[in-house]
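Report on the following structure.
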Amino acid sequence: MLPSKPLRSWHSNHPSRKRSKMGTSGRNPGSRRALVPTWVDDPTSQPGPTPAPPTSTPSDGGTSVLPGSQPTPAPSPQAPATTPQAVPLPRLPNPNAGAALGPARSAFSSAVRGSGGGGGGVRRAAGRYVSAMGGGQRASRAMGPSRQTATGLGQFVGDVSRRGAADALRTFSLESLVGAPAADVFVALADVLCPDGGTIDDAIARNAMLETAAAMGTAGDAPFDSLPPAALDAFFLGTISRSIEAKLFNEIGGKGIRLPSDVAAVRAIQQTLHDFIEGTVRDRFTASGRTLASMPRGDVEGFVRVIYEQSFDLIRTLGGEA
């Protein structure tokens with residue numbers, strides 16, 4: 001997708017980063033149906049290691065093994081070894097699991113052609129996408145890489161507020177960037193939190209950080225150390241909103257949609273979607289009454305999950321009213 005603002009020269013020439021292939025030409029063609037298992041890309045729902053089987057079975061006549069001693073060989077060597085099986089993950093019922101993304105793409109196509117009420121058509125398309133995915137929780141689960149990136153970024157921002165920029169940068173072996181322009185630090189963080197390469201969803205997470213860094217860089221090259229907490233929160237929110245924006249654009253605007261040949265018209269469509277998503281994310285963050293500076297590090301992952309889920313739910317609500 002097209003960046004919301006022209007990128008600065010450092011963004012394309014900076015030696016610490018290589019451009020991800022996530023532009024308009026690299027869109028995900030999108031799924032034909034919104035069949036999203038509950039565990040897809042959800043970093044909190046991966047199965048853990050299977051516990052080792054017990055060393056004794058007293059009920060079957062076995063003998064308990066004391067610490068430091070060797071277990072008695074099994075009396076039946078012919079018995080085949082049993083491989084422990086992973087416990088199946090629970091599946092939550094999703095009444096909209098088979099809902100097609102067609103209505104969302106249709107609304108987006110109408111907005112592109114200028115027959116869908118302009119901005120209202122874009123908002124309707126976004127709302128219908130969330131509905132097809134089964135709601136905010138399931139739409140959020142489909143953005144595992146972006147949520148992981150936002151969690152790492154949120155923890156870093158909190159560390160800066162509590163321990164100072166130098167100590168927080170040292171956590172990622174970036175202490176050489178103390179006093180460097182904020183844009184350079186954000187690009188280096190992108191290389192650490194979401195390296196180049198991987199899937200389309202990985203590229204969405206990476207480009208969300210890089211495009212936010214480019215947008216904030218237009219305000220000047222202030223040293224990272226001098227940024228106030230509000231500016232760091234803004235970078236965190238910008239990364240979340242741009243990741244949601246890119247996900248929607250790739251899913252509902254990447255297949256069977258003929259964009260206008262006028263570059264200005266394309267930018268206007270993208271800007272409309274950007275403003276809508278950014279407003280919902282900022283609204284949910286403000287409504288939480290919390291800041292990253294005052295948040296314990298262990299709370300950030302859950303907070304990020306809630307922000308994504310509530311933002312998607314608000315997108316669906318506002319899209320239905322458009």
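A few notes on this one:
- GLY253 long-range amide H proximity, modeled H, under 5 Å: none
- Peptides 164-173, 273-282, ordered by how many other C-beta atoms sit within 10 Å of their residues on average, highest first, read 273-282, 164-173.
- If R0 equals 25 Å, the separation of the Cβ atoms of VAL192 and SER226 corresponds to a calculated FRET efficiency of about 0.70.
- Ligands, DNA and RNA are left out, and with a 1.4 angstrom probe the accessible area of region 258-307 is 52 Å² per residue.
- Take region 129-197 with all the other protein chains still there, run a 1.4 Å probe, and you get 31 Å² of accessible area per residue.
- Peptides ranked, highest mean first, by Cβ atoms within 10 Å: ranges 147-157, 186-196, 226-236: 147-157, 186-196, 226-236
- Average Cα contact separation per residue, region 174-226, under 8 Å, 6 or more apart, as relative contact order %: 56 percent
- R0 of 22 Å, Cβ-Cβ distance SER288-THR317: FRET efficiency to nearest 0.05: 0.80
- Magnitude of the charge dipole, region 145-302, Cβ model with Lys/Arg +1 and Asp/Glu -1, debye to 20: 340 debye
- Around the amide H of LEU101, modelled in the peptide plane, lie the amide H atoms of ALA34, all under 5 Å away and 5 or more residues distant in sequence or on another chain.
- Under Karplus coefficients 6.51, -1.76 and 1.60, residue-wise ³J(HN,Hα) of region 139-151 in Hz, glycine/proline x: 5, 5, 5, 6, 10, x, x, 5, 5, 5, 4, 5, 5
- Furthest towards positive pole of dipole, ALA205, ALA183, THR280, structure part region 176-322, Cβ charges: THR280
The values are calculated or read from the model by the stated rules, or taken from the named source; none is laboratory data. These figures come from a predicted structure and were not determined experimentally. Note that each Cβ is placed from the backbone with ideal geometry, even for glycine, and that neighbours are counted across all protein chains shown. Just so you know, the surface numbers come from the protein's heavy atoms only, side chains and all, with ligands and any DNA or RNA stripped out. Shrake-Rupley method; radii C 1.70, N 1.55, O 1.52, S 1.80 Å.
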